Amino acid sequence: MFKPLIFYIGLRYTRAKRRTQFISFITLTSVLGIALGVTALITVLSVMNGFEAELRERILGMTAHATITGPNGQLDDWQGLDRRIKDYPHIEGAAPFITGQVMINADRRVSGTMLNGIMPATESKVSDVAQKMHQGKLANLVPGEYGIVLGQELANYLGVLVGDKVTVISPQVNSTPAGIVPRLRRFTVVGTFQVGMYEYDRNMALIHIEDAAKLFRLDSAVSGLRIKLDDLFNAPQITHSMGEYLQDYIVSDWTQAHSNFFRAVQIEKRVMFVILLLIVAVAAFNIVSTLVMVVTDKRGDIAILKTQGLTSGSVMGIFMVLGTVIGLFGTALGTAGGVALALNVETIVPAIEKLFHVQFMAADVYYINQVPSKLVWADVYVIAGMAFWLSLLATLYPAWQASKINPAEVLRYE
């Protein structure tokens, strides 16, 4: 008998009468507060997931999943090592590389750059640079012709186009009768690439591996082998077993090269989750003030119900139903709004930028010049669940206070 009555009265109290318009307004603000908090939390976490996924994709598009090098920082017989690991489990491709810091000069402009010597025929096995070419193609890197492919931002800074000449200055030196002078080599720009990350587009250049060997005086040696794995998230386990298999070599993976960066992203995500969850908690505990006012307003009703046989537990249940309805509506509204916003961030943000003539993500400041979003349904379930339980928790104290009302004391003044 009392169970349907509890729900009926609890739901009845959600509808405002003329004299309780203010209480109804407070109830509405509680619902909207929870909804806004949940919406913000889902949207922000989706954007951070998008940033993490985008950064991982772009970084690993230019960086190998794993790298093998020798104890002295180079490999003298990389062909033999390549044959040795060809049939090793989880390896999908391998390519040699030579890397070093240089300075590139064009006219009056000079820039420090990471210069990578690659083998165009095998580079596509371990990186996506061939698909990121803005002008020209990797095949234009012909050994002996000293061609160079620049990042698009680097080319813009130097003011060069395809076909122009640049001077590469190596930190290694030549001894001449006039003294010690740095090694210089003229290169022809044969292409540009654009990854979409300022770090690579501004600070990287590619040449043929044979030209790099001559520039850095490595003869037939290379800096190492870049490896592409079938499961990049299992890279630490794979490289550990590979290191035991190749005991004379140093094997590292992408989690070691970029561990601090991705760890910082994860920490920022957790901190942001806690901060925004506090906003949801504040909105949820607005339900306390709402229910306290409702209890004060309904003291006479509660007293009459108790004199007619309604138990304290049932009275408590009435106000828990009222608070739960508020929390449920707020959580549902916020979840729907957050999912809709997260799925359309990549459309909404450019529209706002165009409308107000602003740019939120400047390419020369941030790694990525657009706002990505990746909705993870597990996050949505956790956020919605926590918001609902916080709302339910907020109903306990006011409902308990309502159950303790003494009918005799209330009805004495009626």
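Selection of the range 78-91 for residues being surrounded by fewer than 14 Cβ atoms within 10 Å (Cβ to Cβ) and closer than 21 Å to Gly117 by Cα yields Gln79, Gly80, Arg83.
For the range 360-379, the criterion of being surrounded by 20 or more Cβ atoms within 10 Å (Cβ to Cβ), in contact (Cβ under 8 Å) with a residue 24 or more places away in the chain, part of a helix (DSSP H, G or I) and touching a helix residue (DSSP H, G or I) at 6+ places or on another chain (Cβ under 9 Å) is met by at least one residue.
Of the residues making up the range 228-249, none is among the β-branched types (Val, Ile, Thr), in a strand (DSSP E or B) and either under 36 Å from the mean Cα position of the chain (by Cα) or at pLDDT 90 or above (or both). Filter the range 277-333 for residues that are at negative phi and not in a helix (DSSP H, G or I); which is modelled with the highest pLDDT? My answer is Thr311. With respect to being modelled with pLDDT of 80 or more and farther than 30 Å from Gly196 by Cα, Pro4 falls outside the description. Might you check whether a residue that is within 30 Å of Thr122 (Cβ to Cβ) and in contact (Cβ under 8 Å) with a residue 60 or more places away in the chain occurs anywhere in the range 262-285? Checked against the condition, which is being within 30 Å of Thr122 (Cβ to Cβ) and in contact (Cβ under 8 Å) with a residue 60 or more places away in the chain, the range 262-285 yields at least one hit.
The values are calculated or read from the model by the stated rules, or taken from the named source; none is laboratory data. What you are looking at is a predicted structure, and each value in this text was computed from that prediction instead of being measured. All Cβ positions, glycine included, derive from the backbone under ideal geometry; neighbour counts span all protein chains shown.
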